[in-house]
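Engineer: This is the structure, below, for whatever I ask next.
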Amino acid sequence: MGENIDEHFVAAVTHLHAQSSIAADEGPLPAARLLDLFDAQLGSRHLDLAARELRAAGRGYYTIGSAGHESNAVVAAALRTTDPALLHYRSGGFFLERAQRVGGSDPLRDVLLGMFAATAEPIAGGRHKVFGRVDLTIVPQTSTIASHLPRAVGVAFAIGRAARLRISTPWPADAVTVCSFGDASASHSTAVGAINTAIHTAYQGIPLPLLLVCEDNGIGISVRTPTGWIATSFSQRAGLAYFAAEGDDPTGTYEAAHAAAEWVRTERRPAFLHLRTVRLMGHAGSDFEPGYRSPQEISADYARDPLLATARLLVEHGFCTPEQVLHSYEDKRTQVRTLADHLRGEAELDSPSAVLSPLTETLRDALSARPTAPVRDNGAPETALTLAQAVNRALDDTLTEFPEALLFGEDVARKGGVYGVTRGLRKRFGANRVFDTLLDEQSILGLALGAGLAGLLPIAEIQYLAYLHNAADQLRGEAATLQFFSRRQYRNPMVVRIAGYGYQKGFGGHFHNDNAVAALRDIPGLVIASPARPDDAAAMLRTCVAAARQSGAVCVYLEPIALYHTRDLHEVGDDGWLAPYPADVDHAPIGRARTYGDGDDLTLISFGNGVRMSLRVCRRLAAKGIRVRVLDIRWLAPLPRTDILRAAASTGRVLVVDETRHAGGVGEGIVTILVEGGFGGPIVRVTSADSFIPLGAAALEVLLSEDEIEAASTELAQRR
């Protein structure tokens, strides 16, 4: 079945007539340039038409198209090919235009391979249909709504910050970061926060060369954007330069886009390009547009077709005849269809290992990553440290060793962190490398995403675990997926420090005492560290830094707040929870546990606060004649499977001590390893309750207690 817009274009071009004649090399878009743009737009349109035909024939998997948005090819023409681009899913014209200018690739083939989910597709390898290529300086995005905007802000920030630190990036020092999105996406909290962050940053005089391109077609699937909303919201926004263009005016679009890009390039501040356009052929192939738009409303958009506008300009200025335009149109149709027929049957991912390969390769490299030897203080004797002091020392070593390392988050600079963990680092390394951010977790993570992409080593802090949930999709949908959807051609190495867990003696309530980690453990490829002891804390942080640098891994580092300044283990003044800074670079490899004791009656498997609680209980159990060993798993992802099974086999009885929740807690994964690994002994699990953590003494009613651990251990040890 043909598309109405296809038939309308042919009919409309037939009735075009030359009206004026200008020199082929005059104007902002001379004939040769305009013909190149038209070719990119033609390719984008016929790829969309082919996508519908392929899906109808059961041969293609992706039908969200760019029809009506082909004016973004003109935006691409106004930028340099070395300007990093983060594009939404209606950016076919931009992608083809940039590929045409760069050369060396076949963008029609690339896009069709993506529609076929073919392994030969050069960026995602059949994992998604994306617009992205390293040689085109286009960072791949999937079916993004607005989740790429914080990363775009991060990229723009990193360009300026890297130049100040004399760190090389993949882009020129005067590059402009371009980020496209739709009008409906502009209202998403992620977009609102990212744009605010861009303005907030530039307001402080910090370079932020970001061009935001809002392609306003007036509708989000079936929900209309109020007329004039985008202009009203952004045209008068202080600190954000505003430019506007009509998508059916190629010359005006080029002039506005060029002016916006050059303003950003010169001023190093953000600008907003409002590109008014239309959406043709509905949201996607499965979208029945007449169900929510009248036929008259749909057909009225045909007159604003940017492809028709470019054709009209070519004919009216005498650059082409209507017959030549139609010949080019049909020739492109034939080219795309022929190529699609040729690519039919291209191999798809056909095994779990094939699908997972970017994840498994990243984890393999992360597991083999080893930190360098820690920085010593001129042979000065080591002193025993608290966990907070050990983290501070490890951060100091990292910033000393790696000039590309940045440390940032709320309160980390002048204050030195809410709990003093980063105290003194800003003074030692300066405000360019240790700095405070605004209060927006999505933007903090987006900054890390962009900095890692730029060749910097970001160490971001989320002040409390509960606040991560505002921004978890920056880890799930953006950070962890980048290597997966680019076959590791793009990487965003990063370490995210998060103060978490409970046991703060009732202070702070549930937002400052959060034990919900299931959302993190559910993200494929994420490395999650959970240190308990000071020496492990230092070693594990340095291991995370090494994994990020060497494999591009995304590492989350969970710091137990209640243990930050803990000194004692059993009695006041015993200093049993202090430890020297570790000298062994292999002290804490990813996915390896640590064992305390050699008892053969019972194994306690725990992490975080549970390790200290278990060790305290062990002494009481020893007085009962029960010999116990404690396994600190240390890593919540990947879990130390071999060490768990070995420790369980050594005693034949296992108590899983899990301070997280009964449902969705870490203990579920440990028990699964034991069962699937063939462990035949008894397994008991003690956990905190499935509850938010309340204020005051009531917190102890729902958090796991030492008494519960002791009672369960005693009962289990006595089982025959």
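Engineer: Restricting the search to the stretch 181-217, which residues are part of a helix (DSSP H, G or I) and in contact with a strand residue (DSSP E or B) (Cβ under 6 Å, 6 or more places away or on another chain)?
Structural biologist: As a first pass, look at the stretch 181-217 and keep what is part of a helix (DSSP H, G or I): 185-187, 189-203.
Matches in the stretch 181-217: Ala186, Ala198.
Engineer: Tell me which of these Ser147 doesn't satisfy, since it passes every other one: (1) touching a Gly at 6+ places or on another chain (Cβ under 8 Å); (2) surrounded by 20 or more Cβ atoms within 10 Å (Cβ to Cβ); (3) modelled with pLDDT of 95 or more.
Structural biologist: With (1) touching a Gly at 6+ places or on another chain (Cβ under 8 Å); (2) surrounded by 20 or more Cβ atoms within 10 Å (Cβ to Cβ); (3) modelled with pLDDT of 95 or more applied to Ser147, the lone miss is (3).
Engineer: Filter the stretch 55-84 for residues that are over 30 Å from Asp174 (Cα atoms) and assigned to a helix (DSSP H, G or I); which is nearest to the chain's Cα centre (by Cα)? Quick ask: steps written out before the conclusion?
Structural biologist: Of the stretch 55-84, the ones over 30 Å from Asp174 (Cα atoms) are 55-65, 67-68.
Filter once more, keeping what is assigned to a helix (DSSP H, G or I): 55-56.
Working: Arg55: 30, Ala56: 33 Å.
Here the answer is Arg55.
Engineer: May I ask you to list the residues in the stretch 287-314 that are touching a residue at least 12 places away in the same chain (Cβ under 8 Å), farther than 19 Å from Gly92 by Cα and of a type in the set (S, T, N, Q)?
Structural biologist: If the condition is that a residue be touching a residue at least 12 places away in the same chain (Cβ under 8 Å), farther than 19 Å from Gly92 by Cα and of a type in the set (S, T, N, Q), then Ser299 is the only one that fits.
Engineer: A follow-up question, please. Residues in the stretch 510-530: is at least one in a strand (DSSP E or B) and either at pLDDT below 95 or of a type in the set (Phe, Trp, Tyr) (or both)?
Structural biologist: First, the residues of the stretch 510-530 that are in a strand (DSSP E or B): 514, 527-529.
Filter again for either at pLDDT below 95 or of a type in the set (Phe, Trp, Tyr) (or both), leaving 514.
Yes, the conditions are met somewhere in the stretch 510-530.
Engineer: Does the stretch 594-622 hold any residues that are within 20 Å of Val391 (Cβ to Cβ) and surrounded by fewer than 23 Cβ atoms within 10 Å (Cβ to Cβ), and which are they?
Structural biologist: Within the stretch 594-622, just Arg594 meets the criteria.
Engineer: Do the conditions hold for Ala689, that is, is it over 22 Å from Pro524 (Cβ atoms), in contact (Cβ under 8 Å) with a residue 12 or more places away in the chain and touching a helix residue (DSSP H, G or I) at 6+ places or on another chain (Cβ under 8 Å)? Steps first, please.
Structural biologist: Details: over 22 Å from Pro524 (Cβ atoms): yes; in contact (Cβ under 8 Å) with a residue 12 or more places away in the chain: yes; touching a helix residue (DSSP H, G or I) at 6+ places or on another chain (Cβ under 8 Å): yes.
Yes; evaluated as a whole, the condition is true for this residue.
Engineer: OK, next. If only one of Val391, Val421 is of a type in the set (A, V, I, L, M), part of a helix (DSSP H, G or I) and modelled with pLDDT of 95 or more, which one is it?
Structural biologist: Values: Val421 fails: part of a helix (DSSP H, G or I).
Checking each option against the conditions leaves just Val391.
Engineer: So Ala117 passes all but one of these: (1) among the hydrophobic types (A, V, I, L, M, F, W, C); (2) on the phi > 0 side of the Ramachandran plot; (3) surrounded by fewer than 17 Cβ atoms within 10 Å (Cβ to Cβ). Which condition number does it fail?
Structural biologist: (3) is the only condition that Ala117 fails.
Engineer: In the stretch 621-667, which residues are part of a helix (DSSP H, G or I), among the polar types (S, T, N, Q) and either touching a residue at least 40 places away in the same chain (Cβ under 8 Å) or in contact with a Gly (Cβ under 8 Å, 6 or more places away or on another chain) (or both)?
Structural biologist: Ser650, Thr651
Engineer: Filter the stretch 491-522 down to residues that are at negative phi and crowded, with 20+ Cβ neighbours inside 10 Å, then give me how many there are.
Structural biologist: Our first condition is that a residue be at negative phi; within the stretch 491-522, this holds for 491-500, 502, 504, 507, 510-522.
Now drop any that are not crowded, with 20+ Cβ neighbours inside 10 Å, which leaves 492-500, 502, 512-515, 517, 520.
Of the residues in that region, 16 qualify.
Engineer: Looking at the stretch 673-690, can you tell me whether even one residue there is outside any loop (DSSP other than H, G, I, E, B), out of contact with any strand residue (DSSP E or B) (no Cβ under 8 Å at 6 or more places or on another chain), crowded, with 17+ Cβ neighbours inside 10 Å and charged (D, E, K, R)? Step through it out loud before you land on a result.
Structural biologist: Step one: list which residues in the stretch 673-690 are outside any loop (DSSP other than H, G, I, E, B), which gives 673-676, 683-688.
Going one step further and asking which of them are out of contact with any strand residue (DSSP E or B) (no Cβ under 8 Å at 6 or more places or on another chain), we end up with 673, 676.
Restricting the remaining residues to those that are crowded, with 17+ Cβ neighbours inside 10 Å gives 673.
Still in the running and charged (D, E, K, R): none.
Among the residues of the stretch 673-690, not one is outside any loop (DSSP other than H, G, I, E, B), out of contact with any strand residue (DSSP E or B) (no Cβ under 8 Å at 6 or more places or on another chain), crowded, with 17+ Cβ neighbours inside 10 Å and charged (D, E, K, R), which makes the answer no.
Engineer: Sort out which residues of the stretch 645-662 are over 27 Å from the mean Cα position of the chain (by Cα) and more than 23 Å from Asp601 (Cα to Cα), and write them in order of number. Lay out the reasoning, then the answer.
Structural biologist: Within the stretch 645-662, the first condition is being over 27 Å from the mean Cα position of the chain (by Cα), and the residues that meet it are 645-659, 662.
Matches in the stretch 645-662: His662 only.
Engineer: Here is a follow-up. Can you name the residue in the stretch 197-232 that is surrounded by fewer than 18 Cβ atoms within 10 Å (Cβ to Cβ), more than 20 Å from His69 (Cβ to Cβ) and among the hydroxyl-bearing types (Ser, Thr, Tyr) and, of all such residues, is nearest to the chain's Cα centre (by Cα)?
Structural biologist: Tyr203
Engineer: Any chance the stretch 701-710 includes a residue that's part of a loop (DSSP other than H, G, I, E, B), modelled with pLDDT under 95 and among the acidic types (Asp, Glu)?
Structural biologist: no
The values are calculated or read from the model by the stated rules, or taken from the named source; none is laboratory data. The structure presented is a predicted model; accordingly, all values stated were derived computationally and were not measured. No Cβ is skipped: glycine too gets one built from the backbone with ideal geometry, and neighbour counts run over all protein chains shown.
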